[in-house]
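Colleague: Dumping the structure here so I can ask a few things about it.
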Amino acid sequence: MTLVDAALPLETPRDKDSHSISLGSPVRFLKGVGPRIAALLQTRGIQTVGDLLRFLPRRYEFRQNVGAIRDLPVDGVASVVAEVASVRRRGWGRQAGCEVVLRDDTGSLSLVWFHAPASLATRFARGTRVRATGRVRLFGGKPQIAHPEIDAPDDMRSVNGLLPIYPEIEGLSGKRLRSVVAQALPAAAQLQDILPESIRSHRGFPSVN
């Protein structure tokens, strides 16, 4: 617990329904955070809203559709929207992976997951359009993305632009984590600057908010 958090009153469960979440509020009071997600966050020492806001992204990615599969930049991170052409399991048992082939008028792109659960293949239906994002590599002379992030058509608009990439939390997708953080952002106004205003102004530093 930080000095800032220690000065805040403890919350009761009714705070989850209030319009104001404080830095000291347990993360389980955020919308969409149940016992399972709260337990996953705790593996990273995240117990309160204040902890969550201080769990900073490790980098940012600018995500924008490249337009066509043939234009994918090799060794670069890119997003492409295309139609699911085929879905198949690779290997057997617990070691099995999954391969999804996307296709547009300019070519095909292979999406691969290693040691993927059998349920992964059920997320894709032939003929549907999805957006895949990840680092593009060439495998056998053809473009491939390993362990891409997938957005369904309804979500495609929501992730265009600058996207925060957080340190990995096992069992919690980056997309879900960003959604949880978004719920906590209103409490950022309560964060207190450690540096005095005179130093921040002299150095041109932004406020912690």
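The values are calculated or read from the model by the stated rules, or taken from the named source; none is laboratory data. Quick caveat, the model's predicted, so the values are computed rather than measured. Quick reminder, even Gly has a Cβ in these numbers, built from the backbone with ideal geometry, and neighbours come from all protein chains shown. The accessibility values were calculated without ligands, DNA or RNA, using every heavy atom of the protein model including side chains. Shrake-Rupley method; radii C 1.70, N 1.55, O 1.52, S 1.80 Å.
Colleague: Along the Cα→Cβ direction, 7 angstrom out, place labels at residue 168 and residue 122. What is the inter-label distance in nm?
Modeller: 2.5 nm
Colleague: Using θ = phi - 60° and the Karplus relation 6.51 cos²θ - 1.76 cosθ + 1.60, list the HN-Hα couplings for region 25-33 in order, rounded to whole Hz, with x at every Gly or Pro.
Modeller: With coefficients 6.51, -1.76 and 1.60, one gets 5, x, 4, 5, 7, 7, 4, x, 10 Hz.
Colleague: Counting heavy atoms of the protein chains only and a 1.4 Å probe, report the per residue accessible area for region 105-209 as a whole number of Å². Before the final figure, lay out each step's value.
Modeller: Values: 6590 Å² over 105 residues.
Using a 1.4 Å probe on heavy atoms only, each residue of region 105-209 averages 63 Å².
Colleague: Order the following by accessible area, largest value first: 55, 62. Probe radius 1.4 Å; ligands, DNA and RNA are ignored. Please list the in-between numbers first.
Modeller: Numbers: 55 25, 62 135 Å².
I get 62, 55, largest accessible area first.
Colleague: Per residue of region 186-200, what does 6.51 cos²θ - 1.76 cosθ + 1.60 with θ = phi - 60° give for ³J(HN,Hα)? Whole Hz please, x for Gly and Pro, Karplus curve as stated.
Modeller: Running phi through 6.51 cos²θ - 1.76 cosθ + 1.60 with θ = phi - 60° gives x, 6, 4, 5, 8, 5, 10, 6, 7, 6, x, 4, 4, 6, 4 Hz.
Colleague: Then there's this: Sorted by accessible area (1.4 Å probe), largest first, how do 54, 178 line up?
Modeller: Numbers: 54 100, 178 35 Å².
Ranking 54, 178 by accessible area, largest first, yields 54, 178.
Colleague: Please work out how much length the chain gains when fully extended from residue 199 to residue 89, using 0.36 nm per residue of separation minus the C-alpha to C-alpha distance, in nm with one decimal. List each step's numbers first, then the result.
Modeller: Working: separation 110, 0.36 × 110 = 39.60 nm, distance 5.78 nm.
Here the answer is 33.8 nm.
Colleague: Residue separation times 0.36 nm, minus the C-alpha to C-alpha distance between residue 182 and residue 56: what's the value?
Modeller: Numbers: separation 126, 0.36 × 126 = 45.36 nm, distance 1.26 nm.
Value of the extension gain: 44.1 nm.
Colleague: What FRET efficiency comes out for the pair residue 209/residue 66, r = Cβ-Cβ distance, R0 = 30 Å, nearest 0.05?
Modeller: Numbers: r = 34 Å, r/R0 = 1.14.
Efficiency computed from Cβ-Cβ geometry: 0.30.
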